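Report on the structure given below.
The values are calculated or read from the model by the stated rules, or taken from the named source; none is laboratory data. For clarity, every value in this text was computed on a predicted model and none was experimentally measured. Virtual Cβ from ideal backbone geometry, glycine too; neighbours counted across all protein chains shown. The protein model used for the area step is the full one, side chains on, heavy atoms only, and it has no ligands, DNA or RNA in it. Shrake-Rupley method; radii C 1.70, N 1.55, O 1.52, S 1.80 Å.
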Amino acid sequence: MIKKDIAIYKASLDNDELNQIRSVLESKNDLSKVLEFEERMKDFIGAKHAIATATSTAAIHLALSAIKLKRGDKILMSVNSFVNLPEVVRHFDAEPVFIDINMEDMNIDVNKFEQALAENKSKKLRGAIITFVAGQTPDLDRIYDIAKKYGIILIEDCRSALGVTYNGKKVGNLRADMTIFSTNPSNSKYAISRSGVIVTANEEIANRAKLLRTHALTTTYDSYGNLDYVYDVVDIGHKYDLSELDAAYALAQLNKTEKFIKRRKEIAKLYEKRLAGVKHITILPHKDEHIFTQFIIKVSRNRDAFARALKDRGVATGLNYIPLHLLSYYKTKYSIKITAFSNALNNYQQILSLPMYAGLSDDEVKYVCDQVIDVASEWV
């Protein structure tokens, strides 16, 4: 068999992206792709407000700025999240509070989430950021009820869950204060384009986010997007606005979201069928609503060596995610024991994300499965 090179993720592109970008480059005056992207996102989600940002991390930072997060404030989050969540909290000199996961879907353990709130004695606990691992929803109704009961702000981290539904409704149009999306689910260093967006039904939050997105400037702009020669600044803001070229690319990707989801579900079924019953490999249960921005399996032992063996055969893999308390900065700063979050630790020792993106061909999926099965057959 000829060795192939299968990436963990690749962007799926065609003439739609080129045509959208060309329309910006050929534009004479009106720079409208950002506004068009925001309107399309509102329509797609069914949200009242959409605020586009340069990256999804910028969107999270802007969301916390919009709620006026302050030094010493606390934000709850799953310990099984990407590093940008506690990172933006720390930039406010605020404190992330980690919660263990449930083993079924690797999302936040809702019982422990509620317990942390019930036992909280601090008035500084402002809110929570809830991550949707691999594009699967946690128990949202219960999370919404708990957030309401304890009066905290709830932000959904749906950077890898654009288009996911919950009980038949699009996430982002439910009961969270804000939801963060991205048209790029990858953490690639060399991403072709990056974008983030905050959706919310809260007009006050939306207006503040829009103000802070571009230096908290109050001014007018000409038809080319240039500042009026008179302007003022009314707060400490950011430079987090989305460029027209990135908006054009994001718009083309957004328009394909349902198609991408359909293809990823097809790929997931191929993986499930081929890998079912393979020794040392566990296929995780999932809801029908799972949109598979990652496809995560479990390897019963020596996961790292298994991943290296796949890499030698041209199959890239990933980890979604390394628990936050195992990362040097957070482990040291908060003196967290490795065993502090037992579910996340046990899960991390076995998980492995296989290649997953809409552009994967059936032959490439077959190749990945062949290599997994071959390596597993030799595993001790």
query: If TYR229 satisfies every condition in (1) within 31 Å of the chain's Cα centre (by Cα); (2) more than 20 Å from ALA52 (Cβ to Cβ) but one, which is the exception?
result: (1)
query: Does the stretch 100-119 contain at least one residue that is over 19 Å from ASN80 (Cα atoms) and at pLDDT 95 or above?
result: yes
task: Scan the stretch 290-302 and give yes if some residue there is open to solvent by 10 Å² or more (accessible area, probe 1.4 Å), under 30 Å from LEU64 (Cα atoms) and in contact with an Asp or Glu (Cβ under 9 Å, 6 or more places away or on another chain), otherwise no.
output: yes
message: Of the conditions (1) open to solvent by 10 Å² or more (accessible area, probe 1.4 Å); (2) within 13 Å of the chain's Cα centre (by Cα); (3) acidic (Asp, Glu), ASP139 satisfies every one except a single condition; which number is it?
response: (2)
query: Mind checking which pairs have a first residue in the stretch 254-267 that is farther than 18 Å from ARG159 by Cβ and a second that is in a helix (DSSP H, G or I) and open to solvent by less than 70 Å² (accessible area, probe 1.4 Å), Cβ under 8 Å, 6 or more apart or different chains?
result: ILE267/VAL365
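Please verify whether the stretch 144-159 includes one or more residues that are among the small types (Gly, Ala, Ser) and touching a helix residue (DSSP H, G or I) at 6+ places or on another chain (Cβ under 6 Å).
Step one: filter the stretch 144-159 for residues among the small types (Gly, Ala, Ser), giving 147, 151.
Next, from what is left, pick out any that are touching a helix residue (DSSP H, G or I) at 6+ places or on another chain (Cβ under 6 Å): none.
Looking for residues that are among the small types (Gly, Ala, Ser) and touching a helix residue (DSSP H, G or I) at 6+ places or on another chain (Cβ under 6 Å), one finds none in the stretch 144-159, hence no.
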- prompt: Are any residues in the stretch 268-283 without any contact (Cβ under 8 Å) to a residue 24 or more places away in the chain and either surrounded by 17 or more Cβ atoms within 10 Å (Cβ to Cβ) or aromatic (Phe, Trp, Tyr) (or both), and if so, which ones?
  reply: ILE283
- request: Give the residues of the stretch 107-135 that are touching a residue at least 60 places away in the same chain (Cβ under 8 Å) and open to solvent by less than 10 Å² (accessible area, probe 1.4 Å), sorted by residue number.
  value: GLY127, ILE129, VAL133, ALA134, GLY135
statement: Log entry, pairs with first residue in the stretch 355-380 being within 16 Å of PHE292 (Cβ to Cβ) and open to solvent by less than 50 Å² (accessible area, probe 1.4 Å), second being part of a loop (DSSP other than H, G, I, E, B) and of a type in the set (Gly, Ala, Ser), beta carbons closer than 6 Å, six or more apart or on different chains, reads ALA358/SER12; GLY359/SER12
- prompt: Residues in the stretch 222-253 that are touching a residue at least 12 places away in the same chain (Cβ under 8 Å), in contact with a strand residue (DSSP E or B) (Cβ under 8 Å, 6 or more places away or on another chain), within 21 Å of SER27 (Cα to Cα) and surrounded by fewer than 22 Cβ atoms within 10 Å (Cβ to Cβ): how many?
  reply: 1
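For the stretch 316-342, name all the residues that are of a type in the set (A, V, I, L, M, F, W, C) and either part of a helix (DSSP H, G or I) or open to solvent by less than 40 Å² (accessible area, probe 1.4 Å) (or both).
First, the residues of the stretch 316-342 that are of a type in the set (A, V, I, L, M, F, W, C): 316, 319, 322, 324, 326-327, 336, 338, 340-341.
Scanning the stretch 316-342 gives ALA316, LEU324, LEU326, ILE336, ILE338, ALA340, PHE341.
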- prompt: What number goes with the only condition from (1) open to solvent by less than 60 Å² (accessible area, probe 1.4 Å); (2) within 29 Å of LEU174 (Cβ to Cβ); (3) of a type outside the set (Lys, Arg); (4) part of a loop (DSSP other than H, G, I, E, B) that LEU85 does not pass?
  reply: (4)
statement: So, first residue without any contact (Cβ under 8 Å) to a residue 40 or more places away in the chain and closer than 17 Å to LEU319 by Cα in the stretch 336-347, second residue open to solvent by 60 Å² or more (accessible area, probe 1.4 Å) and not aliphatic (A, V, I, L, M), Cβ within less than 7 Å, six or more apart or across chains; the pairs are LEU345/THR339
- request: Just name the residue that is nearest to ALA340 (Cα to Cα) out of those in the stretch 54-81 that are among the β-branched types (Val, Ile, Thr) and surrounded by fewer than 24 Cβ atoms within 10 Å (Cβ to Cβ).
  value: THR57
field: Residue list for the stretch 98-118, filter: in contact with a strand residue (DSSP E or B) (Cβ under 9 Å, 6 or more places away or on another chain) and in a loop (DSSP other than H, G, I, E, B)
entry: ASP100, ASN102, MET106, ASN107, ASP109
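Residues that are over 30 Å from ALA216 (Cα atoms): find the helices (runs of 4 or more DSSP H) completely inside the stretch 237-315 holding 3 or more of those.
Details: elements: 244-254, 257-275, 303-312.
Hits in the stretch 237-315: 257-275, 303-312.
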